[in-house]
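Structure record follows, encoded as C-alpha cells.
The values are calculated or read from the model by the stated rules, or taken from the named source; none is laboratory data. Bear in mind the structure is a predicted one, so any value in this text is a computation, not a measurement. Cβ placement follows ideal geometry from the backbone for every residue including glycine, while neighbour counts extend to all protein chains displayed.
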Amino acid sequence: MSDVHATAPLSTARTPRTAILAAYATQVWAVAGAEITKLRHDPIELVSRAIQPVLWLVLFGQVMGRVRGMNTGGLSYEDFLAPGILAQSVLFAAIFYGISAIWERDLGILQRYLVSPSPRSALIIGKAISSATRGLVQAFIVYLIALTLGTDISIEPRHILGAAAFVALGSGLFSTFSLVIACLVRTRERFMGVGQFLTMPIFFASNAIYPIDLMPHWLQIISHGNPLTYQVDALRTLMLRGAETTIGLGTDFLVLSGIALCLIALAARLYPRMGN
C-alpha cells in the first residue's frame, strides 16, 4: 500500500507536464506547417535560388582554383568552396526571412498569432523550423550541383545526416536573427537595407571562401565570433571526404545551439512589439 501511495503523486504530476509539452509541440507545428505550406505553393523560389550557387561554384571556384599558395588543408579549392557556398545559400535565404513577419503584420495575420494562447517562443521556434525546411531543400540542390561538378562529396549516411542537422540549425539561427531585426526596424524598407548591410560582412568575415589563416589578425577575431564560421567548419568536415575540422564538431554544435537559444529568447521577447 505504501508503494502505491508513493508512486501515485508522481504519475499524476507527469500527466500535466506531458500534456503541456504535447500542446507546446502542437503549437510549434501549427506555425511551422503553415509556413511550409507557403513553400509548397511557391517552388519557383527554390529553383531560382539554385542559380546563385551554380555561379559561385562554377565561376568563382574555377577562377580561384588557379590561385597558388592558398592552404586549403589538402583539398582542391573547388572542394573547399562547396560547403561554404552551401552555408552562404542558407544564410542568404534565412537572413531575409524576417520580412515575412512584417508582411503578416500588414495583412493582420500577426495579430491573430499574438492573441492566441500560444507561447511566443512556440511561434519563433515554428518559424525557425520552417526556415530549416527551406535550408534542407537548398542543401539538396547544392549537393546535386556539387556532385555534378565532380566535388569529392561524402555520401556516407551519417555524414549526410550530420550535414543536414547543421544546415537546419544554421538556417533556424539566422532566420531567428532575421526576426529580431524585423522586430527592431518594423518596416520593409529598413529591413531590406539592414539585411543587405549585414549579409556580406557575415559571409566574408567567415571561412566560407578562404581559410581563416589568410585573414589579418583583427578579422580572425571577428571570424571566431561569427556563427557562420562554425557552420562552415561543420559542413566542410561532414560534406567532404578527407576533410578535417579546424574547430571541432562538438564546439561547432555548442556555439550554434547556444546562439540560437539566445536569439529565440530575444525574439520571443520582442515579437509582441510587431503587433503594436
Identify the single condition in (1) at pLDDT below 95; (2) under 19 Å from W56 (Cβ atoms) that S175 does not satisfy, given that it satisfies every other one.
(2)
Could you list, in sequence order, all residues of the range 196-239 that are outside any helix (DSSP H, G or I) and either touching a residue at least 40 places away in the same chain (Cβ under 8 Å) or surrounded by 24 or more Cβ atoms within 10 Å (Cβ to Cβ) (or both)?
S206, N207, A208, I209, Y210, P211
Considering only the range 249-276, state which residues are of a type in the set (G, A, S) and at pLDDT 95 or above.
G250, S257, G258, A260
Set L266, L254, L270: member being under 30 Å from R120 (Cα atoms) and free of Cβ contacts under 8 Å to residues at least 40 places away in the same chain
L254
May I ask you to verify whether T148 is among the polar types (S, T, N, Q) and out of contact with any helix residue (DSSP H, G or I) (no Cβ under 9 Å at 6 or more places or on another chain)?
yes
What helices (runs of 4 or more DSSP H), lying completely within the range 88-173, carry at least 1 residues that are crowded, with 17+ Cβ neighbours inside 10 Å and in contact with a strand residue (DSSP E or B) (Cβ under 7 Å, 6 or more places away or on another chain)?
120-148
